Amino acid sequence: MERKTRQRREFKKQHTEPMDEKMERLIAKIRTDLSDSIIPISLTRLSPFERKQIHRAFDRDPSVTTKTYRIGEEEYELRLYPVTNLRKYAEKKAEEAIQSGQKVVLPHMSSYERFIVHEALKNNEAIKANSFGEGDDRHIELEPELFGRGLRKIMKKIKLF
C-alpha cells in the first residue's frame, strides 16, 4: 500500500512540474500562429506529457480547441483549432453571400471545422450552409435564402405552395 502511494507521489511530482523553456516557446508560437489564422495547427512527435501540457495550456482559452487523434499504433496527432477565428470567418463569408446574393464556397475543411461553421451559422435565417464533396475535398457552400427558413416553415404549415 505504501509503495503505491509513493509511486503516485512520484508520478504527480513528475507531471506537475513547471514547463520547460522549449514548451513555453512552443506554446507562445502556437498562440501567435493561431491569433489571426483559420487553419488548425497539427503537431506530431510529441510525448504524452508534452501533449498534456499543451492541452492544459489551452484548456481555459475558449478561442482554441485542442483535439488528439490516433494516427498509428503508438503515434498521435495533436490539433489546435482556432474556433473563434473560424466563427468570425464563417459569419463574414455568410454576410458576403447575403450582400452579393451569390453562393460562396469555403475551402475544404475537416469534419470538426465544418461542425464549427455549421454551429456558427445555424441561427442565421438568411443563409443556408451545406457540405459538399467527398473525403479531403469536402467543403461548405453558403447560399443566401430568398425568404429565410421561417417563411418556408410557415408555407408548409398553411400549405400555400
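See the values below:
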| read-out | value |
| --- | --- |
| Answer residue from the stretch 109-132, given it is within 19 Å of Leu146 (Cα to Cα) and among the hydrophobic types (A, V, I, L, M, F, W, C) and is surrounded by the fewest Cβ atoms within 10 Å (Cβ to Cβ) among those | Ala126 |
| Single residue of the stretch 70-108 satisfying the filter (under 14 Å from the mean Cα position of the chain (by Cα) and among the aromatic types (Phe, Trp, Tyr)) that is surrounded by the fewest Cβ atoms within 10 Å (Cβ to Cβ) | Tyr89 |
| The stretch 109-124, subset over 13 Å from Ile38 (Cβ atoms) and of a type in the set (S, T, N, Q), residue nearest to the chain's Cα centre (by Cα) | Ser111 |
| Residue check, Gly148 in contact with a strand residue (DSSP E or B) (Cβ under 8 Å, 6 or more places away or on another chain) and either under 29 Å from Ala28 (Cβ atoms) or modelled with pLDDT under 95 (or both) | no |
| Subset tally (residues that are touching a helix residue (DSSP H, G or I) at 6+ places or on another chain (Cβ under 8 Å) and surrounded by fewer than 11 Cβ atoms within 10 Å (Cβ to Cβ)) for the stretch 32-65 | 2 |
| Test: residue in the stretch 35-56 that is touching a Ser or Thr at 6+ places or on another chain (Cβ under 6 Å) and under 26 Å from Ala90 (Cβ atoms) | yes |
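The values are calculated or read from the model by the stated rules, or taken from the named source; none is laboratory data. Only a predicted model underlies this, so the values are computations on that prediction, with no experimental measurement involved. All Cβ positions, glycine included, derive from the backbone under ideal geometry; neighbour counts span all protein chains shown.
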